[in-house]
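Presented below is the structure to which this report refers.
A short reminder: the numbers here are calculations on the coordinates, not readings from a lab. Predicted model, so just to flag it, every value in this text is computed and none were measured. Counting neighbours? That spans all protein chains shown, and the Cβs are built from the backbone with ideal geometry, glycine included.
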Amino acid sequence: MGSGKTTAITNAAKLLMQQGKKVAVVTNDQGKYLVDTGFIGSNDIPTAEVTNGCFCCNFNNLSDQIDFLERTVQPDCIFAESVGSCTDLVATVLKPLQLLKNDLFDELTFTVFIDSRLLIDHFLGKKMPFSDAISYIFAKQIEEADLLVINKIDLLLSEDLKVLLGLTKTHFDRKILINQNSLNPVNIQKWITTLDTLPIKRRDSLDIDYQIYGQGEADLSWLDEEINIHTEDKSAWDCAVQFIESMVDEIKQKKIAVGHLKFLLKGEEFTHKISFTTILDENWKNDLPSLVISDVQIMVNSRIETTPDLAREIVRKGIVTISGQGVLIRESQEQAFQPGFPNPTHRITQKLQFCKECRCIKDLNNNQIEACLCESKADENCCCSS
């Protein structure tokens, strides 16, 4: 969460589209109303979404959305951005896709993004800002990556970057790594090129404790809400900024850890996204435009380590802050909850490597077996190649 996945995907999609490629994106969240879907769509990128649960627990919906994009867009590539609190994706998403969508993909890659500032703290053994269970998820996400993108390196001091580069060589000597600033087109092109040249590998499923995993997800509260502001004196933009500032200040004051905190501000002629992550940006208002408008719509996605009731209270306080004569505020689409225990549709722990004529694939598609049980040797292309 908050590692810059959406920014990287949006910029990669735009770059590929400039190169004449057809691109689509599948967004994902435990909630129903996604800032990321609105933001990516505002960039004219074809988008579908899997809501009310992660990819692993809503695998059939993910499959349906891929089919929808294949019919309507016929993309050269699809970026599927899983909810940032999930792990064990090799066993619950990638291997099922390999089995059930093998005829659709020429290749299937798996990138994990991580905030470079959190990674250096992790390496140095510093106390992470989250609970132990959430930190467990963090470590497991790193463990299962095909490709690990160490993102936001532009936010590190030069001496910290040198330390991080040394530590990554020590800790990740067998992983494929990219150090990236996802606002830099050269870095984005390097990520795309790396994805195109990743070696084919048999992926190992995680050895994971689902009780700790489930507790980590439950430690976070989800809050989604839409807030419409109308002002008589055309100060709606200022009210929106004041509302966001109130929420951020309250979260800081209560020392609540942030997974991500996203706001999508929309008007007749603009769409603007404001995001906060674990390490809050103190200068977030510096680059904001100054707009004189009567109406603004705010979509809020809050993923913070607290209770749903306290998350609601933080929003309510922000609304009170901007309430007054000449200001009309309407709330809708509000929901606040803690995610349920992860219950994946499929979980395949066997190693998979097969060709398009693999007998196990054919049997699986004919409902004769529940999962491919074969396992190739290291020098074989497929279990049936001999």
What percent do you get for the relative contact order of the stretch 250-331 when only Cα pairs under 8 Å and 6+ apart count?
34
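When each pair of different Cα atoms in the stretch 1-134 is counted once in the 1/r mean, what is the Kirkwood radius in angstroms, to one decimal?
So the Kirkwood estimate lands at 15.9 Å.
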Report the Cα centroid-to-centroid distance between the stretch 104-128 and the stretch 204-221 in angstrom, as an integer.
16
If amide hydrogens are placed 1.01 Å from N in the peptide plane, which non-local residues have theirs closer than 5 Å to the one on SER82?
none
Cα centroid distance between the stretch 1-76 and the stretch 235-298, in Å?
23
Quick one: angle between helix 158-171 and the longest Cα principal axis of the chain, in degrees between 0 and 90, rounded to 10, please.
30
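Give, rounded to the nearest 20 debye, the magnitude of the charge dipole that the chain has about its Cα centre when Lys and Arg contribute +1 at Cβ and Asp and Glu contribute -1 at Cβ.
Computed about the Cα centre, the dipole is about 760 debye.
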Contact order normalised by length for the stretch 1-95, with contacts defined as Cα pairs under 8 Å and 6 or more residues apart; what percent is it?
36
How far, in degrees from 0 to 90, does helix 236-253 lean away from the longest principal axis of the Cα atoms of the chain, to the nearest 10?
70
Overall Cα dimensions of the chain, principal axis frame, Å, largest first
78, 47, 43
Nearest 10, in degrees from 0 to 90: the angle of helix 59-72 to the longest Cα principal axis of the chain is 90
Using Cα pairs under 8 angstrom and six or more residues apart, how large is the relative contact order of the chain, in percent?
20
Which whole-Hz ³J(HN,Hα) couplings does the stretch 209-223 yield from phi under the Karplus relation 6.51 cos²θ - 1.76 cosθ + 1.60, θ = phi - 60°, glycine and proline marked x?
8, 5, 5, 5, 4, x, 5, x, 5, 6, 5, 9, 9, 9, 9
If you take the C-alpha gyration tensor of the stretch 1-49, multiply each eigenvalue by 5 and take the square root, what semi-axes do you get, largest first, in whole Å?
20, 12, 8
